[in-house]
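Below: one structure, written as structure tokens.
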Protein chains: 2
Amino acid sequence: MPRKPTESGNGSPSSANERTYSTAEVARMWNVGESTVKRWSDTGDLDCIRTRGGHRRFTLDALLRFQEAHQFESTGWIHEALTPAGEENGHVDLAFATRLETALNERNHETLQALYYEAATAGDEKRGIELLQRAYLRGFSEIELKEDILTPVLHLIGERWRRGELNIYEEHLASRVTLSATDHLHSRIPHKKPTGRTALCGGPEGDLHEIALRLVVEILETEGWNVISMGPNTPIFSFSDAVRRFKPDIVCISSTILVDLERLRRDYAQFFPITRELGTRVIIGGAAFIDPEVRGIFTHDFHGNSFSEFLTYLRKEFPAA
Amino acid sequence: MPRKPTESGNGSPSSANERTYSTAEVARMWNVGESTVKRWSDTGDLDCIRTRGGHRRFTLDALLRFQEAHQFESTGWIHEALTPAGEENGHVDLAFATRLETALNERNHETLQALYYEAATAGDEKRGIELLQRAYLRGFSEIELKEDILTPVLHLIGERWRRGELNIYEEHLASRVTLSATDHLHSRIPHKKPTGRTALCGGPEGDLHEIALRLVVEILETEGWNVISMGPNTPIFSFSDAVRRFKPDIVCISSTILVDLERLRRDYAQFFPITRELGTRVIIGGAAFIDPEVRGIFTHDFHGNSFSEFLTYLRKEFPAA
């Protein structure tokens, strides 16, 4: 049956919900003239989408491919050349974009964190996406974004909430924005070729924190792993069943706070021998495992103190074929 | 600094993590010859991406734009013309794709549900995405997918888990696959132009269910609303603070199971008058509100029994300008 036109849009210029960039924005980001961007687009080097009005729009993917193919370095906006806010296509306001580009020019982590904090606690998903996406275009790796921007900001938000300086809804908004913004970027950036390796990931029962776990899943996927994610709040006895079924190369357990240690100890004592039987490595990480006594309960092959330690371990122990 | 080539990929043909379709796949889906697809692509009517090897790949977005512009009806695979699995670019295996296309040809909801159940409980995100994406290309609306495929399957999964027929990790995998697959489709399909209206969404404290809430958020976004989502497990007193801050047009409360009714009753008695003050409408939905007594506690402007009832209400009460 034919698609009903009323369901599929209202004649807006772009039919996709993808953040795209105008010729002017790309010119500013790459510090070249608009005519240069148009020429690259006309020669077919730089893919563009045409709006119904005939204007060029560029996707993140097209920009990344061009940068990579030409070993191109994006140098950021020329501050003097800023244009009125209306031109930004309603995505983010000019003041935010200007502060963002300035911070990226200076590679100023503190300002980037402050901007992300502001966007996240206001529930402003567009700004969150814009920040991660532009930073990535400007050379921040996925790991750097996770470690140098997201993690410190989320720690600060947790801390301020515990001190009563932040409303719980603000903490919730920040979580939603973060899950959504990292996923948005992650699903648009290059991933390595499938390695054929499988990781089973989850968080233990009673711990509802999901962000660190999600970031671990993203790192694995970027490295070309097949990831089976059970999410947070999964009983350890159920990890046992899943390991038997999927026979993964590694199991990643991410936890921020552990509750009911006695139950976890009993379940874990049943779980760990199964991994020995199947040759599955066990990797643990997260705030809950900072305590050496807790690490003693959760016998493991590797304990990651940070995302980059985890990545280093992965690349060392499971090198590309 | 220049992007490090080692970070950004390994020379795989497509640099994005986007599911794209080959010429052969599009030809089968539209029931035309490959040369026809190539001709449409060469005339510029149908946008394509070229792989490094020079092959055409088509994004969901490009296919949808073409279908819409030409009022084109996709009629599905010709069963006789199926090609070996290798050609599917490793996305899903041919057996699954064949069963899927057959079910779509017959518009057989039962088979589609069975296929989705299988993919979801196995944690197979790729199949989940493929199913929703192909069904959408074949004319299922976003609402139909939510109501006729996802909802009945998730109910069945919940039911089987309660009866002990499903492991808790399978229920978790199904949730992860669903959140990921609907988000994947949602972020790629056309949304209406921004209406300028704001919705604040959340689930009450103690209820960890997040899928129904997420589906509500997606419906609102597709309709062009600005959505501020606090996620599940948000105290009602915090809804009050957020309503005062964001002054939304509507508040949507989605709940599957309510715990601690006494506390909710007290908090809600403080919350509701604020919405009257600000002219904010309150909409409730989800399994928790099937009980009329519970609905009596949560004074509201509208109670949605289904996603389509909710959509009808939205369009009637907040018509496009």
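Inter-chain neighbour count for B:176-183: the average number of beta-carbon atoms from partner chains within 10 Å of each residue's beta-carbon is 3.
Could you sort B:126-134, A:221-229, B:289-297 so that the peptide with the highest average Cβ count within 10 Å comes first and the rest follow in order?
Details: B:126-134: 23.3, A:221-229: 21.4, B:289-297: 12.6.
Those peptides, ordered most packed to least, come out B:126-134, A:221-229, B:289-297.
Per the Kirkwood formula applied to alpha carbons, the range A:114-270 shows a radius of gyration over Rh ratio, Rg over Rh, of 1.00. Look at the stretch B:245-253: the mean tally of other chain Cβ atoms within 10 Å of its residues' Cβ atoms is 1. Pairs of Cα atoms nearer than 8 Å and 6+ residues apart set the relative contact order; for chain A it is 11 percent.
Between this copy and the others, label points of residue A:99 are 5.2 nm apart in ascending order, each placed 7 angstrom from Cα in the Cβ direction.
Quote the relative contact order of the range A:180-321 in percent (integer), defining contacts as alpha-carbon pairs under 8 Å separated by 6+ residues.
Numbers: 220 pairs, mean separation 32.9, N = 142.
Relative contact order for the range A:180-321 comes out at 23 percent.
Each principal axis of the Cα cloud of the protein assembly as shown was evaluated for its coordinate range; sorted largest first, these ranges are 64, 61, 60 Å. Taken about its Cα centre, chain A carries a charge dipole of about 940 debye when Lys and Arg each add +1 at the Cβ and Asp and Glu each add -1 at the Cβ.
Let me have the 222 nm mean residue ellipticity of chain B computed from DSSP H runs of 4+ only, each contributing -39500 (n - 2.57), with the sum over all residues rounded to the nearest 500. Don't jump to the answer; show the numbers that get you there.
On the way: 13 runs with 154 residues, N = 321.
My calculation for chain B gives -15000 deg cm²/dmol from helical runs alone.
With all projection directions averaged, the alpha carbon convex hull of the range A:194-252 covers 3.5 nm². Averaged over the residues of A:124-137, the number of partner chain Cβ atoms lying within 10 Å of the residue Cβ comes to 1. Where both bridge residues fall in the protein assembly as shown, DSSP classifies roughly 25% of the beta bridges as antiparallel. Selection among B:198, B:175, B:185 by position relative to the dipole of the range B:164-219 gives B:198 as farthest towards the positive end (Cβ unit charges, Cα centre).
Send over the per residue convex hull volume for chain A, Cα only, as a whole number of Å³. Walk me through the numbers on the way to the answer.
Values: hull volume 58.9 nm³, N = 321.
So the per-residue Cα hull volume is 184 Å³.
Compared with the dominant principal axis of the Cα atoms in chain B, helix B:307-317 is inclined by about 70°.
Using alpha carbons only, how many degrees (0 to 90, rounded to 10) separate the axis of helix A:94-105 from the longest principal axis of chain A? It is inclined by approximately 70 degrees.
Which trypsin sites (Lys or Arg not before Pro) does the range A:154-211 hold that lie in a coil by DSSP with at most 14 other beta carbons within 10 Å? Please report the intermediate quantities before stating the final value.
Numbers: sites: A:160, A:162, A:163, A:176, A:188, A:192, A:197; in loops: A:163, A:188, A:192, A:197.
Here the sparse-neighbourhood loop sites are A:163.
Sorted from nearest, the other copies put their residue B:163 label points 5.3 nm away, the label point being 7 Å from Cα in the direction of Cβ.
Its Cα centre serving as origin, the protein assembly as shown has a Cβ charge dipole (Lys and Arg +1, Asp and Glu -1) of approximately 860 debye. Summing Cβ point charges (Lys, Arg +1; Asp, Glu -1) relative to the Cα centre of the range B:226-298 gives a dipole of roughly 240 debye. Our note on the geometry: Cα centres of the range A:104-118 and the range A:186-234, 26 Å apart. The distance between label points at residue A:55 and residue B:305 comes to 4.6 nm (points 7 Å beyond Cα on the Cα→Cβ vector). Along the axis of the charge dipole computed for the protein assembly as shown (Cβ charges of +1 for Lys and Arg, -1 for Asp and Glu, origin at the Cα centre), the listed residues A:209, A:129, A:158 are led at the positive end by A:129. On the principal axes of its alpha carbon atoms, the range A:89-186 extends 35, 28, 23 Å, with the longest extent given first. Fully extending the segment from residue B:45 to residue B:163 would add 37.2 nm, taking 0.36 nm per residue of separation and subtracting the current Cα-Cα distance. Restricting the calculation to Cα atoms, the range B:198-317 shows an Rg/Rh of 0.92 when the hydrodynamic-style radius is the Kirkwood one.
Throughout, read-outs are computed from the coordinates displayed, never taken from laboratory work. Keep in mind the model is a prediction, meaning the values are calculated, not measured. As a convention, Cβ positions derive from the backbone with ideal geometry for all residues, glycine included, and neighbour counts pool all protein chains shown.
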